[in-house]
Structure formats: C-alpha cells, structure tokens
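**Student:** Provided herewith is a single structure, encoded as structure tokens, for subsequent inquiry.
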Amino acid sequence: KLATTSTGIDVTGTVTADGLTVDGNVANITLNNTDTTIGQQRLSEINFDQNDPDGAGVGTVASIYALNRGSSSGFGALVFQTGTASTLADRMRIEYTGDVSFYEDTGTTPKMVWKSADERLGIGTSSPSEVLELTAGATNFGLLVNNATGNPSRITLTNSEGSGYIDQNNNLMRF
C-alpha cells in the first residue's frame with residue numbers, strides 16, 4: 001500500500017529498490033520496531049545478502065542489528081556479525097554502557113573487551129581487573145615490542161615508589 005502524506009510517501013509492506021539516497025541537512029533513516037512486547041529481542045536489523053547465481057552461497061553474509069537488552073528503559077546494544085551465507089557469528093558488540101567486545105573466531109566468547117566505566121582493557125579476558133590485562137589462556141604468552149628505527153626498545157614501569165624498565169636485552173634496570 002502506497003500513500004502520499006504531508007511529509008513524504010508512506011509505504012506499508014516491502015519495498016524493493018536498486019538504491020536509496022537520503023538527502024537533507026540532517027539525513028535520517030529510522031528503523032522502528034512496532035512490537036510492544038518488552039524483552040531481549042532484536043529491534044531492527046540491516047542485512048547484507050549475497051545472491052550467488054549457482055545457489056551455493058545464497059543468504060546473509062553480514063549483519064548489523066540493534067538489540068533490546070530486556071528493559072522498558074531502552075537499554076540497547078549494537079551487534080556486528082559476519083560469516084558465511086549459512087552461518088553468522090558475533091564479531092563486535094557495543095553495549096549501552098559503552099563497553100565494547102570483540103569476539104574470537106566462533107563468535108561466542110569475547111576475547112578483547114573495553115570496560116568503559118572502569119576504563120579497563122582486557123585481551124584474552126572478558127572481565128579485566130587492571131587498566132590493561134593480558135591473559136594468554138592455554139597458549140604461550142608473548143609481548144612484542146618492535147622498534148623498526150634501530151633505537152633501543154624499552155618497557156618502563158612507574159609507580160609512586162619509583163620506576164624501572166626492561167630494555168631490549170631483557171635486562172631489568174632499576175633507578
């Protein structure tokens with residue numbers, strides 16, 4: 001159903017177009033979920049579909065969706081997914097708190113997390129207890145400081161009691 005209104009065109013149903021251009025001083029696209037049920041649910045979604053003419057890869061290969069976190073107060077999250085035409089996995093999630101999570105290859109476990117309220121970054125952990133926490137899990141832990149300029153590389157450790165450093169020759173120096 002197509003209707004002309006004072007603000008433009010109102011379409012009820014599905015619109016198929018080869019392109020969409022939104023012009024104006026403040027170009028705005030609103031995806032409005034009219035479901036009045038409150039709960040954890042997808043509110044709106046943008047899908048990127050592939051239509052392989054051989055039929056081998058027909059489906060959604062990436063998606064961005066808004067998630068209601070289960071409250072009438074409007075706690076939301078934005079989720080980014082990628083994958084194959086048959087299976088999508090979470091890759092990044094931005095929570096209403098400002099927390100940002102990046103997921104491992106299966107898309108089920110966050111492996112790098114920014115906790116905005118605590119101002120903490122965790123790599124290999126979803127709940128960092130320090131400003132920067134690196135957790136290796138079952139693999140060997142390594143930290144590479146690569147200085148391509150030829151100048152010495154150094155990790156400096158400083159607190160209110162003093163400071164020290166580890167230099168490129170693995171020597172611990174205190175001063």
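The values are calculated or read from the model by the stated rules, or taken from the named source; none is laboratory data. Bear in mind that the values here come from a model prediction, so they are computed numbers and not experimental data. All Cβ positions, glycine included, derive from the backbone under ideal geometry; neighbour counts span all protein chains shown. Each accessible area value is taken on the protein alone, full model and side chains, heavy atoms only, with ligands, DNA and RNA left out. Shrake-Rupley method; radii C 1.70, N 1.55, O 1.52, S 1.80 Å.
**Student:** Filtering the stretch 104-113 down to residues that are open to solvent by less than 70 Å² (accessible area, probe 1.4 Å) and outside any strand (DSSP E or B), which residue is farthest from GLU130 (Cα to Cα)?
**Tutor:** Per the stated criteria, the residue is GLY107.
**Student:** Can you pull out every residue in the stretch 5-28 that is modelled with pLDDT under 80 and among the hydroxyl-bearing types (Ser, Thr, Tyr)?
**Tutor:** Of everything in the stretch 5-28, those that are modelled with pLDDT under 80 and among the hydroxyl-bearing types (Ser, Thr, Tyr) turn out to be THR5, SER6, THR7.
**Student:** A follow-up question, please. Can you tell me which residues in the stretch 1-54 are more than 18 Å from LEU88 (Cβ to Cβ) and in contact with a Ser or Thr (Cβ under 7 Å, 6 or more places away or on another chain)?
**Tutor:** Passing the criteria: LYS1, LEU31, ASN33, ILE38.
**Student:** In the stretch 67-90, which residue that is open to solvent by 60 Å² or more (accessible area, probe 1.4 Å) and touching a Gly at 6+ places or on another chain (Cβ under 7 Å) is modelled with the lowest pLDDT?
**Tutor:** The residue in question is ARG69.
**Student:** Also, I was wondering about something else. From the list ARG93, ARG42, which one is open to solvent by 80 Å² or more (accessible area, probe 1.4 Å), of a type outside the set (A, V, I, L, M, F, W, C) and assigned to a strand (DSSP E or B)?
**Tutor:** On inspection, the qualifying residue turns out to be ARG42.
**Student:** Please name all residue pairs, on different chains or six or more residues apart, with Cβ atoms under 9 Å, provided the first residue is in the stretch 2-20 and is touching a residue at least 40 places away in the same chain (Cβ under 8 Å) and the second residue is surrounded by fewer than 10 Cβ atoms within 10 Å (Cβ to Cβ) and part of a loop (DSSP other than H, G, I, E, B).
**Tutor:** Matching pairs, first to second residue: none at all.
**Student:** Go over the candidates SER116, SER126, SER101 one by one and state the one that is open to solvent by 50 Å² or more (accessible area, probe 1.4 Å), under 15 Å from the mean Cα position of the chain (by Cα), small (Gly, Ala, Ser) and over 30 Å from VAL11 (Cα atoms).
**Tutor:** Within the list SER116, SER126, SER101, the selection yields SER126.
**Student:** Evaluate the following for LEU31: is it in a strand (DSSP E or B), at pLDDT below 90 and hydrophobic (A, V, I, L, M, F, W, C)?
**Tutor:** no
**Student:** Same structure again: Being touching a residue at least 12 places away in the same chain (Cβ under 8 Å) and open to solvent by 100 Å² or more (accessible area, probe 1.4 Å) is the filter here, so list the residues in the stretch 21-37 that pass it.
**Tutor:** Residue satisfying the conditions is ASN32 alone.
**Student:** Quick check: is even one residue across the stretch 5-14 open to solvent by 40 Å² or more (accessible area, probe 1.4 Å) and under 18 Å from the mean Cα position of the chain (by Cα)?
**Tutor:** The answer is no, given that none of the residues of the stretch 5-14 is open to solvent by 40 Å² or more (accessible area, probe 1.4 Å) and under 18 Å from the mean Cα position of the chain (by Cα).
**Student:** Looking at (1) open to solvent by 60 Å² or more (accessible area, probe 1.4 Å); (2) within 16 Å of the chain's Cα centre (by Cα); (3) not aliphatic (A, V, I, L, M), which is the only condition ASN146 fails?
**Tutor:** Checking ASN146 against (1) open to solvent by 60 Å² or more (accessible area, probe 1.4 Å); (2) within 16 Å of the chain's Cα centre (by Cα); (3) not aliphatic (A, V, I, L, M), the one that fails is (2).
**Student:** Cβ contacts < 6 Å: first residue in contact (Cβ under 8 Å) with a residue 12 or more places away in the chain, restricted to the stretch 82-102; second residue open to solvent by less than 40 Å² (accessible area, probe 1.4 Å) and among the acidic types (Asp, Glu), any location; separation 6+ or different chain. Result?
**Tutor:** none
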